[in-house]
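Engineer: Take this structure first; my questions come after.
The values are calculated or read from the model by the stated rules, or taken from the named source; none is laboratory data. Remember, predicted model here, so these are calculated numbers, not experimental data. All Cβ positions, glycine included, derive from the backbone under ideal geometry; neighbour counts span all protein chains shown.
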Amino acid sequence: MRSFLRVLLGLALVFAGTSHLTFARQDFRAQVPDFVPLDTDTTVLASGVAEIGLGSALLVTPRRHRRLVGTLAAWFFVAVFPGNISQWLNRRDAFGLDSDTKRIGRLFGQPLLIAASLWSTRDGSRRS
């Protein structure tokens, strides 16, 4: 189950990253908080490249390094969470999130992505 979730998460990240660079670029711009010092489009492109890299790493990294990759992916999801909050606070429509209820509902998905990143890259043993 862990491997399945890791592969699914890796594929989702590669897909999302690719969409940052192509067909969903405008929607991702709606998530960039106003306080980010970079140009909005630059931020979208950079986060897309990061997602492709993290997703690819989740797919191909050898078992001995998966914990590190999972931790990096979890931190990435923490880092982009303010974008989800910004989209909700500023009532920016994107990705079919065209109501406050839908936008706030999405906020609850982020902790699940963080947990999936961590859980799917651990080997399941009790060691620390």
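Engineer: Out of all the residues in the range 47-57, is one or more charged (D, E, K, R), farther than 14 Å from residue 10 by Cβ and in a helix (DSSP H, G or I)?
Structural biologist: no
Engineer: Report yes if some residue within the range 21-29 is part of a helix (DSSP H, G or I) and at pLDDT 95 or above; otherwise report no.
Structural biologist: There is at least one residue in the range 21-29 that is part of a helix (DSSP H, G or I) and at pLDDT 95 or above.
Engineer: For the range 94-121: of the residues being outside any helix (DSSP H, G or I) and modelled with pLDDT under 90, which is farthest from the chain's Cα centre (by Cα)? Lay out the reasoning, then the answer.
Structural biologist: Taking the range 94-121 as the starting set, the residues that turn out to be outside any helix (DSSP H, G or I) are 94-99, 108, 120-121.
Applying the additional criterion that residues be modelled with pLDDT under 90 yields 94-98.
Numbers: 94: 16, 95: 14, 96: 17, 97: 17, 98: 20 Å.
In this case the residue turns out to be 98.
Engineer: Out of the residues in the range 85-126 that are among the basic types (Lys, Arg) and on the phi < 0 side of the Ramachandran plot, state the one that is surrounded by the most Cβ atoms within 10 Å (Cβ to Cβ). If you could, list the steps in order and put the result at the bottom.
Structural biologist: Going residue by residue through the range 85-126, those that are among the basic types (Lys, Arg) are 91-92, 102-103, 106, 122, 126.
Filter again for on the phi < 0 side of the Ramachandran plot, leaving 92, 102-103, 106, 122, 126.
Working: 92: 17, 102: 13, 103: 21, 106: 16, 122: 14, 126: 4.
Among residues in the range 85-126 that are among the basic types (Lys, Arg) and on the phi < 0 side of the Ramachandran plot, the one surrounded by the most Cβ atoms within 10 Å (Cβ to Cβ) is 103.
Engineer: Go over the candidates 9, 72, 58, 13 one by one and state the one that is closer than 14 Å to residue 114 by Cα and either touching a Phe, Trp or Tyr at 6+ places or on another chain (Cβ under 9 Å) or exposed (fewer than 13 other Cβ atoms within 10 Å of the Cβ) (or both).
Structural biologist: Just a single option satisfies the conditions, and that option is 13.
Engineer: Out of (1) in contact (Cβ under 8 Å) with a residue 12 or more places away in the chain; (2) of a type in the set (Val, Ile, Thr); (3) within 26 Å of residue 25 (Cβ to Cβ), the odd one out for residue 121 is which?
Structural biologist: It fails just one condition, (3).
Engineer: Turning to a different aspect of this structure: Only one of (1) of a type outside the set (S, T, N, Q); (2) surrounded by fewer than 19 Cβ atoms within 10 Å (Cβ to Cβ); (3) over 17 Å from residue 120 (Cβ atoms); (4) at pLDDT 95 or above is not met by residue 48, so which one is it?
Structural biologist: Failing condition for residue 48: (2).
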